[in-house]
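Reading through the structure tokens given below for one structure.
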Amino acid sequence: MNSNRYLRHSIIDWFDQDYMLNLNILVVGAGALGNETIKNLALLGCGNIDLYDFDTIEEHNLTRSVLFNENDIGKNKAKIISEKGKLLDPNVNINYFTTDITLSLTPAKIQKYDVVFCCVDNFEARIYLNKICFLMKIDLINMGMDSRYQSTELFPFSTESNCSCYECNLPYSVYDRLKKRYSCGGLKKLSFIEKKIPTTIITSSMAAFGVSLGLRLGNNDNIHKSTKIFIDTITSDMNKTYYDKNKNCPICSTDSKKIKLLTFDKTSELEFDNDDTTLTLSHSIIKNMECKICNEKESFKNYHYKNALMYDDSLTICPKCNNQSVDIEVSDIIQISEVKHLIKDNNFIDLTFITYEVEDYIYIISKGEK
């Protein structure tokens, strides 16, 4: 390692370069905010970075993404950022993944990270990251922006057991917006078009605040509550807000319990009281399908216990009578009597984890090795 590269860092009294080089960091999203986040992390010499994004580069991305150019159009965003980020500092290891984190990132995988940076523009991914970061006590930085404003939120799960989570203060209007993307049966609407939010490089460059908070630079280690920094990039006004915990939050209501992580092949360690024990799934699954016109059921048995996120509302068209008349029952809550044989045979391939509460413990049954 060339020590001259970090010469200026070494004379900053509160900057620990060895600490930076040993960090394990997850960045989700390789758009404008992801570009700025990776750029800053690489220039700071943060040693190990994993980046997730399945999207490809389009021409309009070039006005606000510092690591993209014309030759990159049509290529995967995460791959290009990984390659360009390594050029900024060869000591930094940047791995990229082109999968959907809601289908591939498990509690067993996320536990290795020191901090998670959420740079995505959709609520499903934010809600999912919030849940697994909360369960595994990993700090979460959530960033968002539009053409004028930039928002950075820190959820210090690793040090503050009683801090609020992302869903604690999420308005009901967000859930209403999410519902519009799905059919009554809980499947994605093929016809839904997501409204795009215009942004500029000015607002995306404010990701530096998120990096500073996430790495706890300077005096940021004394943050004891979940915090939001809201910046108006035109007037330069900045507002800092501390979030209060919502006692009715579906995620935070379990914060007093101890966590025990198991993988699918270690479920022999679990003892269920009875077959009525309730499991909460990482995603809603399809429990039943039936055509309300011709009463067809047999054709749909292969979909039972599959992740509903994997399908869209074309599944509501009955293959027998060709009407859009299939009723679909989905749920993220099931009983042991329904699924314990599937857990034993490791057939939950479409789920990332399952949780189960007993006394003072939350058992997390995660896909993947510890």
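So the values come out like this:
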{"read-out": "About the Cα centre, charge dipole magnitude for the chain (Lys/Arg +1, Asp/Glu -1 at Cβ), debye", "value": "480"}
{"read-out": "Positive-pole candidate from Cys291, Leu43, Ile101, dipole of the chain, charges at beta carbon", "value": "Leu43"}
{"read-out": "Proximal charge balance of Thr56 [Cβ under 13 Å; K/R count +1, D/E count -1]", "value": "-2"}
{"read-out": "Region 1-87: relative contact order as a whole-number percent, Cα under 8 Å and 6+ apart", "value": "27"}
{"read-out": "Within region 66-127: Cβ-based charge dipole about Cα centre, in debye rounded to nearest 20 (Lys, Arg +1; Asp, Glu -1)", "value": "180"}
{"read-out": "Accessible area expressed per residue, the chain, with surrounding protein chains retained (probe 1.4 Å, Å²)", "value": "51"}
{"read-out": "Neighbour cut-off at most 16 other Cβ (10 Å), DSSP loop, trypsin sites (Lys or Arg not before Pro), region 40-122", "value": "Lys75, Lys112"}
{"read-out": "Sequence-separation-based contact order of the chain, relative, with Cα cut under 8 Å and 6+ spacing, percent", "value": "16"}
{"read-out": "Answer label, with Kirkwood radius over Cα pairs in Å calculated from the coordinates and candidates [x] 22.4; [y] 24.4; [z] 23.6", "value": "[x]"}
{"read-out": "Whole-percent carbon and sulfur share, accessible surface of the chain, 1.4 Å", "value": "48"}
{"read-out": "With all protein chains modelled, accessible area of Thr199 [1.4 Å, Å²]", "value": "30"}
{"read-out": "Among the listed pairs Lys77/Lys245; Lys137/Lys247; Lys131/Lys228; Lys84/Lys245; Lys39/Lys75, those beyond 30 Å (Cα-Cα)", "value": "Lys77/Lys245; Lys84/Lys245"}
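The values are calculated or read from the model by the stated rules, or taken from the named source; none is laboratory data. Small disclaimer: the values here were computed from a predicted structure and weren't measured. Neighbour counts are summed over all protein chains in view; Cβ atoms, including those assigned to glycine, are modelled from backbone coordinates with ideal geometry. With ligands, DNA and RNA removed, areas are computed over all heavy atoms of the protein, side chains included. Shrake-Rupley method; radii C 1.70, N 1.55, O 1.52, S 1.80 Å.
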